[in-house]
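**Q** Let me give you the structure first, and then I'll get to my questions.
No value in this document is a laboratory result; all are computed from the given coordinates. Only a predicted model underlies this, so the values are computations on that prediction, with no experimental measurement involved. Methodologically, a virtual Cβ is constructed for each residue, glycine included, from the backbone with ideal geometry; neighbour enumeration extends over all protein chains shown.
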Amino acid sequence: MTDSLKVGLAQLNPKVGDVVGNLAKVRAARAEAAKQGADLVLCAESVLSGYPAEDLWLKPDFQAACRDAVEALRADTLDGGPALFVTAPWAEDGKLYNAILALDKGEILGKRYKVDLPNYGVFDDKRVFSPGPMPGPLVFRGVRIGVPICEDVWTPDVVECVAETGGEILLVPNASPYEVGKTDVRVQLGVQRVVESGLPFVYLNQVGGQDEVVFDGGSFVLGADRKLKAKLASFREEVATVEFRRTGQSAKGGWECLPASIAPELEQIESIYQAMVLGLGDYVNKTGFPSVVIGLSGGVDSALTAAVAADALGPERVHALMMPSPYTSRESLEDAAACARAIGIKYDIVDIGPAMAAFRTMLAPLFGNRAEDVAEENIQARARGVALMAVSNKLGGMVVTTGNKSEMAVGYATLYGDMNGGYNVLKDVYKTTVFELCRWRNKQSLVARRTPIRCRPIRCSTPS
């Protein structure tokens, strides 16, 4: 009977569909955890496939690739290093499960399947997976370990089953998306499960961006006394090992986690900024774009977008275009140039006046003597959209749009104009928060002895 168990927490950033790359990440995490003295390594939900893999999960070849990766990891454990609690889609008896598999000494010690399949918000698990049976604990080196998967701990039933069947520690793999205030929600949820079961609780979360979803990490450990014992950083990969000690003299004695490092909790505004940086960076890098292209107007939204892009990718991978028209003020030109200099990004000016004049000539027979109005203002925005997409097609960078959530909510943006692009950094950020983020980012610039961003609010294009 062991009295100590060291668990390596592998808070990783998998890429959906990249089974080979994800396998390499798990192997690297296991090697790092071995250096830290871990007995076993826990991975977050669906680490080998990436999450959410959506229709990829349904493809037999993809399922087979994930199974092959599990088999490769099983063979790895013959080296005498840490065991692996690895997660993957798992086909069995004509059904597909969201699974966690315990691998040790070249064997699959056991498998458990996700019971509660979410089907709301960004989740679509019920369409893809079959629910597993109520799970008892996995036995690892004499320790009975419960492994409910993500949604399984949002209600009490699965943890209750683990506790009633002799579970001693809860290790929970998650793919929980970022929301403002989500950390407190998760911790309170964990406290509820600890109170009900009396078991220490490990919440291991994925980190990284996948399309419009950002996973923020922030994994944590709660003791059986409901106190926070360890916390990993938010918005970055990390491998950390925590140690559990048996507190009783008998086989039924409880377990407690020794206090470990607790990463500081981010302020709300910083967490929003870091979520934007991680989301954009992963979207661009995981889709293989070499750079991004941004229309820089001299206004606050495009300035913030450019700053996020530079922080996510490096300023050398950000190309800003100022596209003046007959309506553009001198102040806008000056502010856009100052912003590009402050951030250190490439900056070019493309005059769209000739394009607007061409459209005016083309449409004159139809428009006649009607006064200029919303039509001409939207031609301005659409001419800019054409220019940005042309640069993207020719030079390879992805166009990033700059509209904030307040504008999008009321339709205050031009269809086929400033709504063009592959990714919108500010799509979930209200205008008031845009100003808060700019103030926060400028403060960081001053602390780092960099020139702060100069950004001035301006009126956006007229709605279509």
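**Q** Taking neighbour counts of Cβ atoms within 10 Å as a proxy for exposure, in what order, fewest first, do E376, E316, E160 appear?
**A** E316, E160, E376
**Q** Oh, and also: Suppose the chain between N119 and M408 were pulled fully straight at 0.36 nm per residue; how much longer would it get relative to their current alpha carbon spacing?
**A** Computed gain between N119 and M408 is 101.4 nm.
**Q** Looking at the chain, send over the antiparallel percent of its DSSP beta bridges, to the nearest 5.
**A** Roughly 60 percent of the beta bridges in the chain run antiparallel, per DSSP.
**Q** Taking K and R as +1 and D and E as -1, what net charge do the other residues with C-beta under 14 Å from the C-beta of G110 add up to?
**A** Combined, the nearby Lys, Arg, Asp and Glu give +3.
**Q** As a check on your grasp of the helix formula, calculate [θ] at 222 nm for the chain: sum -39500 (n - 2.57) over DSSP H runs of n ≥ 4, divide by the residue count, round to the nearest 500.
**A** Mean residue ellipticity, 222 nm, calculated: -12000 deg cm²/dmol.
**Q** Once you have the Cα-Cα distance between K431 and A375, take 0.36 nm times their residue separation minus that, and quote the gain in nm to one decimal.
**A** 17.6 nm
**Q** So for C438, C339, fewest C-beta neighbours within 10 Å to most, what's the order?
**A** Placing the least packed residue first, the sequence is C438, C339.
**Q** [x] 24.4, 83; [y] 25.7, 81; [z] 25.8, 94: which one is Rg and Dmax of the Cα atoms in Å as calculated from this entry?
**A** Label [z] holds the value from this structure.
**Q** Sort D79, D93 so that the residue with the fewest other Cβ atoms within 10 Å of its own Cβ comes first and the one with the most comes last.
**A** If I rank by nearby Cβ atoms, fewest first, I get D93, D79.
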